[in-house]
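Accompanying notes for the structure given below.
Derivation of every value follows stated rules applied to the coordinates shown; laboratory data play no part. Note that the structure is predicted; figures quoted are calculated from it, not measured. We place every Cβ from the backbone using ideal geometry, glycine too, and count neighbours over all the protein chains shown.
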Amino acid sequence: MVKRVSSREDLEDLRKSVLARRDPKRPLISICSGTGCQACGSEAVISSFISEMQKENLTGKIDIKRTGCPGLCERGTIVVIYPQGILYQKVQPEDVKEIISETILKGRPVERLLYCDPATGQKFLHENEIPFYKKQMRILLENNSIIDATNIEDYIALGGYSALAKALFDMTPEEIIDVIIRSGLRGRGGAGFPTGRKWESCRKAVGYPKYVICNADEGDPGAFMNRSLLESNPHLVIEGMIIGAYAIGSSEGYVYIRHEYPLAAANLAIAISQATEYGFLGDHILGSNFNFSIKIRRGGGAFVCGESTALIASLEGRIGEPRAKYVHMVEHGLWDKPTNLNNVETWANVPLIISKGADWFSGIGTEKSKGTKIFSLVGKIRNTGLVEVPLGITLRDIIFDIGGGIPDGKRFKAVQTGGPSGGCIPESLLDLPVDYERLTEAGSMMGSGGMIVMDENTCMVDVARYFLNFLSEESCGKCVPCREGIERMLEIVTRITSGKGKPDDLELLEELALVVKDFSLCGLGQTAPNPVLSTLRYFRDEYEAHLRGKCPAGVCKELIRYSILTENCTGCGLCRKNCPSGAIIGEVKSPHSIDQEKCIKCGICRESCKFDAVLVS
């Protein structure tokens with residue numbers, strides 16, 4: 001039976017007790033159990049470790065811990081051996097015996113499992129030596145590799161809930177809000193509104209009860225920052241929400257989490273249950289007069305419910321449709337009561353700011369964009385994963401120094417930031433500092449933190465079509481500019497990619513995009529034209545080439561033709577063997593050709609050829 005923590009002194013006694021039971025020199029095998037590594041087979045790896053330890057009579061002598069995502073998702077399953085801090089990547093069940101025999105029993109690293117820099121070939125033993133981590137500033141993700149999300153004592157051992165105790169017993173609600181204002185923390189969900197000002201408005205709003213909400217409905221393609229935080233360190237988010245609720249004067253909170261995040265929802269539910277059992281949630285928190293509870297609500301899969309007012313409607317059991325922004329949520333939010341909504345990453349920053357102070361946080365970043373930001377770095381990039389960097393770092397630093405650059409010797413072409421409503425930034429702006437203002441000036445946005453890298457084989461017109469298609473399907477349809485405007489833009493861009501574009505299409509597309517941007521009801525419609533406007537701004541020549549009947553990247557099927565260069569073809573037969581439509585003609589060791597009537601333009605022949613004999617025109 002857990003003894004409820006009823007005072008600040010109880011919390012410190014519990015922390016001392018937890019630390020006293022832990023030997024920092026005791027061997028610990030930390031295994032990433034986030035969604036990414038689970039997809040790579042981490043559960044089988046864990047089972048192999050348990051089995052192998054039993055065989056070697058090591059059970060009870062070495063700890064195994066299921067932890068959260070360390071960020072290097074492309075290299076899963078990630079295993080870290082403590083206290084040495086040795087990081088192994090791409091670990092499979094069959095590797096476990098060697099790890100036990102060499103590293104655990106003999107203290108020797110398994111060289112083939114170490115991270116190898118694809119650019120230099122150098123191998124690295126420890127996590128902090130790997131280039132992927134060197135330029136990061138991991139203040140939110142720092143403890144992911146050492147915390148079991150289902151064990152509250154792991155969080156407490158690292159100082160968890162001490163910020164809450166400080167807020168409850170050393171600060172007034174007004175002082176808490178003042179610290180958040182002075183820190184310069186801005187909302188990490190996309191709009192970048194000053195967090196402290198929002199809290200201040202909600203505290204001053206007339207009406208009771210007041211609600212706090214955590215927006216975990218992360219729907220951007222390729223984005224998984226919020227998922228990782230909730231899977232890996234849910235108590236950090238919970239503690240932030242409790243502090244915010246105390247500052248605002250709320251006794252009830254909700255986490256609205258994306259339905260497609262089962263592990264995050266499960267770990268969060270366990271964390272809420274444990275926090276309640278220990279006395280950090282519920283009545284008389286830490287022996288104070290403050291009461292606060294948190295409930296979880298699963299989203300229904302609608303992208304638009306990431307928008308604050310649509311999220312509120314969904315929480316109330318109505319269709320997730322936005323409402324006009326002149327009705328302020330801090331005054332008339334959930335059930336028409338004052339409501340404060342921030343996203344997962346915003347809440348996670350709060351305990352750190354309260355613990356370390358406003359000056360510490362405001363000392364990171366730029367003049368108007370403070371702190372760090374987590375990005376999901378995906379696409380045509382060597383090091384796919386989560387990165388946490390100080391705001392103001394350049395795109396070049398993120399993509400080439402942290403991300404490792406573009407694989408297969410390809411050339412960088414563009415990066416899209418801000419999710420499906422973000423813009424595509426070209427190579428000429430690689431030295432752009434990443435902050436709210438500069439990204440907006442470039443025609444993109446910070447968004448929640450999605451970052452999709454594209455190489456020379458990407459068709460920018462097709463990229464615009466892809467995101468317009470996504471946004472068209474996700475539009476709630478409430479307002480005409482968004483419902484009809486996105487659909488019409490999609491029709492025009494689809495026509496261009498299929499070789500049926502008209503001379504005046506680009507002018508019409510640009511005009512329509514500006515109308516949708518200016519007159520849509522909510523953020524989805526207002527930002528939906530960004531992929532179109534940014535690609536027209538930086539890659540207009542590709543649109544013009546499509547109007548002339550050519551796709552420079554060789555992506556749009558209606559505009560390309562595959563052929564075989566006779567002098568390069570050795571007649572190896574690989575292309576003929578792999579062609580799904582039987583369009584390749586030729587005998588072994590003789591030059592092949594392509595039957596254009598049978599060719600479905602899938603590109604498999606080009607991918608198969610080792611001699612650069614397949615051309616795209």
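Reported to the nearest whole Å, the Cα centre-to-centre distance from the stretch 118-175 to the stretch 368-441 is 22. Each 10 Å bin from zero holds the following percent of Cα-Cα pairs in the stretch 561-616: 29, 64, 7. The fewest-to-most ranking of D435, D595 by surrounding Cβ atoms within 10 Å reads D595, D435. For the stretch 1-88, the normalised intensity computed at q = 0.15 Å⁻¹ comes to -0.71 (log10 of I(q)/I(0), Debye sum over alpha carbons, equal scatterers, no solvent). Sorted ascending by nearby beta carbons within 10 Å, beginning with the fewest, W360, W199 become W360, W199.
Could you quote the convex hull projected area for the stretch 160-362, Cα atoms only and averaged over all directions, in nm²? Computed as one quarter of the Cα hull surface, the answer is 10.3 nm². Put simply, the amide H of L341, placed in the peptide plane, has neighbours under 5 Å in I213, leaving out anything fewer than 5 places away on its chain. Temperature 20 °C, viscosity 1.002 mPa s: under these conditions the Stokes-Einstein estimate for the stretch 372-455, based on its Kirkwood radius over C-alpha pairs, is 175 µm² per second.
Applying D = kT/(6 pi eta Rh) to the stretch 306-354, where Rh is the Kirkwood radius over alpha-carbon pairs, T corresponds to 4 °C and eta to 1.567 mPa s, the Stokes-Einstein value obtained is 111 µm²/s.
Within the shell defined by Cβ-Cβ distances under 10 Å, the residues around C69 carry a net charge of 0, with Lys and Arg each +1 and Asp and Glu each -1. Calculate I(q)/I(0) for the chain by the Debye formula, one identical point scatterer on each C-alpha and no solvent, and give its log10 at q = 0.08 Å⁻¹ to two decimals. Once normalised to I(0) and log-transformed, intensities are -0.64. Restricting the calculation to Cα atoms, every distinct pair contributes to the Kirkwood radius of the stretch 21-134, found to be 14.2 Å.
When the alpha carbon coordinates of the stretch 460-547 are projected onto the principal axes, the ranges are 35, 20, 19 Å, largest first.
Over all pairs of different C-alpha atoms in the stretch 76-229, the reciprocal of the mean inverse distance, the Kirkwood hydrodynamic radius, equals 19.7 Å. The aspartates and glutamates within cross-link reach of K210, meaning a Cα-to-Cα straight distance under 17 Å and a gap of 8 or more places when in the same chain, are E174, E200, E252, D283, E316, E331, D336.
Applying a threshold of 26 Å to the alpha-carbon distances of K16/K166; K370/K410; K325/K368; K16/K61; K61/K97; K65/K97 flags K370/K410 as lying beyond it. The stretch 531-584 and the stretch 458-502 have Cα centres lying 22 Å from one another. Listed by chain and number, the aspartates and glutamates whose C-alpha is less than 14 Å from the C-alpha of K134, apart from same-chain residues fewer than 8 away, are D117, E142, E388, D397, D401.
Each 5 Å bin, from zero up to the one with the longest distance, holds this percent of the alpha carbon pairs of the stretch 392-527: 2, 10, 18, 20, 19, 15, 10, 5, 1, 0.
Volume per residue of the convex hull around the Cα atoms, evaluated for the stretch 506-617, comes out as 135 Å³.
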